[in-house]
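Data first, discussion second: the structure below is written as structure tokens.
The values are calculated or read from the model by the stated rules, or taken from the named source; none is laboratory data. This is a predicted model, so every value here is computed, not measured. All Cβ positions, even for glycine, are placed from backbone atoms using ideal geometry, and neighbour counts span all protein chains on display. Quick note on the areas: whole protein, heavy atoms, side chains included, nothing else; ligands and nucleic acids left out. Shrake-Rupley method; radii C 1.70, N 1.55, O 1.52, S 1.80 Å.
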Amino acid sequence: MQAEEIKKIANLAKLDLSSAEKDSFLRQLSDILAYLDQIKDLNLEQVPESISGAEEIEHVLRTDQVEDSDPKSIRQAYQLTDDYLVSPGVFNKK
Amino acid sequence: MLREELTKLNIVEINRALQNKQFSVKEITESYLQAIDHSNLNAFISVNKQALKMAEELDQNIGEAKNNVLYGIPLAVKDIILVKDLKATAASQMLKNYIAPYTATVVERLEKEGMLVIGKTNCDEFAMGASNEHSAFGPVLNPHDQTRVSGGSSGGSAVAVAASLAPAALGSDTGGSIRQPAAFCGIVGLKPSYGRISRFGSIAMASSLDQIGPMAKSVEDVAYLLKAMAGVDKKDATSSHKAVPNYPKLIKESDPRQLVIGVPKEYFSDQIDPEIKKAIEEKIKFLENNDFQIKEVSLPSAKYALAVYYLLMPAEVSSNLARFDGLLYGLADQENLALDDWYKTVRSGGFSAEVKRRIMLGTYILSAGYYDAYYKQAQKVRTLIKEDFKKVFADVDVLLTPVTPTPAFKLGEKLDDPLQMYLADIFTVGANVAGICGLSLPIAKTKNNLPIGLQLLANSFEEEKILSLGYFLENNQ
């Protein structure tokens, strides 16, 4: 992992990292990735992926019925106008 | 009975005393609230101010205790599980003021049985950690040695039970977060099979691995809790329709000697603490002497479980925690910022180092160019690990292993070395990756008086097997 990548990943993850955080993450994530690399070279072309530990996924479809949502679930949002969530502007106002 | 003695009782003992009118639900609740108030272990983030009022109401129908062991029993709940009108902070600055708008299905089911939530327990932030040191509310101290960690991430729940601040607690286990602190604190903790228990109302960390589970002083108590918690929930599509057995009845009536026990050699490397190794080997000998059939088995892909876990989990963490953006959830930022800067300011201020580290790692793993090499590859190794367990469970009923490579370590010891901290999960993550169930059971103490845990693993939806064997071990020492 390179310093440039830390910057790129932080941007994708919407995190502002201090330069001390960038330094320590670069070191720590490189260590961790070196450990994780042990599975990288296994030849697994024939092996299917498992998306979870569940033995068999029980696909149960519910009927598509419209139910009222619970307004309580968004009451602690930053700003609401009627039942709409208000967000800051996308472009900088400065 | 003295108040201090009262809080030492387990669920079954409290139930007996409530039936005999030795004390009321209000009295026992008061005793625990007082114990929490006097404790310096930092096990709780908040207590339920309504608990005494609820206890009084439960006392009105105390006859119910005859039919229902859980009636009137106080319950501590990990602070990532929602209980309506109580704070649910996930031990994070991000949610420090968040109040749950509804109650998680598991808690609702236990409340229906007559349990009352006494408070919300400390944990690692968003359940990420193995020491409970990654909490915005400070570490939880181990009651057996206060210079040592409680384990994590369900450290507050483990300590609540171990220090008699609650007779029962709920934790969550994504890679060992119930079993490891249970082992460090000397209590019983169960990670149920993936799908056994609804996760509706639990703040998600890694959705393909998370399970909620019970923690208590005895295997029988855990069996009662599991029976009430388990079963399908239409609000969690991953919860299973499989029927819920009568666990407390089964563990008392079944003959544990019918169970063939496997000892996987991969779990007994040189890296394991000699005192733990000795304690486990003594238990194996004890079982042999008691006519149990024991086989050495092999799980060749087990050595990859931790690497798979630390690829899948951070990837899922980075997606699940995207919702904490300060708009719908999380700290609101007061500055007049444009949206992208707003997100970054809120998330950088609300998450602590360990959460940021895992989000960074997960975002990296899922990013273009690395997805196939890491994430997809890990999903494939997960298949190998599942097949290993499947093969072994065709031959044996229960696997017997250590829970942790070491007893509780010192506060601060692994804090600056995340990889060392991650290695604390080495024996527990396999169960999460494969979706099987695991029980952590206290079996001995080190010469420094630190608890040693034993792990019993069984195939998916075979909780009754590990509970039966655990019940036998607990009652035959």
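For this structure, a couple of remarks:
- When you restrict to C-alpha pairs under 8 Å that are six or more residues apart and normalise by the size of the stretch B:326-475, the relative contact order lands at 19 percent.
- Checked against a 22 Å cut-off, the cross-linked pairs B:49/B:112; B:78/B:249; A:14/B:87; B:78/B:191; B:278/B:390; B:26/B:66 give Cα-Cα distances beyond that limit for B:78/B:249; A:14/B:87; B:278/B:390.
- Couplings 3J(HN,Hα) of the stretch B:112-117, computed from phi: 4, 6, x, 7, 10, 6 Hz, in residue order, whole Hz [Karplus 6.51 cos²θ - 1.76 cosθ + 1.60, θ = phi - 60°; x for Gly and Pro].
- Cα centroid of the stretch B:378-440 to Cα centroid of the stretch B:101-146, whole Å: 22
- Computed with a 1.4 Å probe over protein heavy atoms only, the accessible area of residue B:174 comes to about 0 Å².
- Length-normalised contact order of chain B in % [C-alpha pairs under 8 Å, at least 6 apart]: 17
- Legend: mean number of C-beta atoms from other chains within 10 angstrom of residue C-beta atoms, peptide B:355-362, equals 6.
- The amide H of residue B:260, built 1.01 Å from its N in the peptide plane, has B:397, B:398 as neighbours under 5 Å, considering only residues 5 or more places off or on other chains.
- Those chymotrypsin sites (Phe, Trp or Tyr not before Pro) in the stretch A:5-94 that DSSP places in a loop and that have at most 12 other beta carbons within 10 Å: A:91
- Estimated from helices alone, the mean residue ellipticity of the protein assembly as shown at 222 nm is -11000 deg cm²/dmol (sum of -39500 (n - 2.57) over DSSP H runs with n ≥ 4, per residue).
- Taking all protein chains into account, the per residue accessible area for chain A stands at 76 Å² (1.4 Å probe).
- Largest first, the residues A:19, B:239, B:39 sort by 1.4 Å accessible area into A:19, B:39, B:239.
- Annotation: residue B:134 carries an accessible surface of approximately 20 Å², with a 1.4 Å probe and no ligand, DNA or RNA atoms counted.
- Expressed as a whole percent, the accessible area of chain A that falls on carbon and sulfur atoms is 49 (1.4 Å probe).
- DSSP beta bridge pairing in chain B, given as percent antiparallel to the nearest 5: 70
- Filter on B:8/B:447; B:386/B:447; B:84/B:234 - keep pairs with C-alpha separation over 30 Å: B:386/B:447
- Among the residues of B:99-107, the average count of other protein chain beta-carbon atoms within 10 Å of the residue beta-carbon is 2.
- At the residue level, residue B:345 shows approximately 50 square angstrom of accessible surface with a 1.4 angstrom probe and all protein chains present.
- Once the Cβ-Cβ distance of residue A:5 and residue B:56 is raised to the sixth power relative to R0 = 45 Å, the FRET efficiency obtained is 0.15.
- Here the stretch B:3-251 has 47 percent of its accessible surface on carbon and sulfur atoms, given a 1.4 Å probe and all protein chains in place.
- Heavy-atom accessible area order for B:16, B:196, largest first, 1.4 Å probe: B:16, B:196
- Pairwise FRET efficiency - residue B:447 versus residue B:235, Cβ, R0 = 51 Å, nearest 0.05: 0.60
- Cα gyration tensor shape for the stretch B:3-251, rounded if a/c is under 1.5, else prolate or oblate: rounded
- In the stretch B:3-251, the DSSP beta bridges split such that about 70 percent are antiparallel, to the nearest 5.
- Annotation for the A:B interface, with buried accessible surface near 5600 Å², both sides summed [1.4 Å probe; non-protein components not counted].
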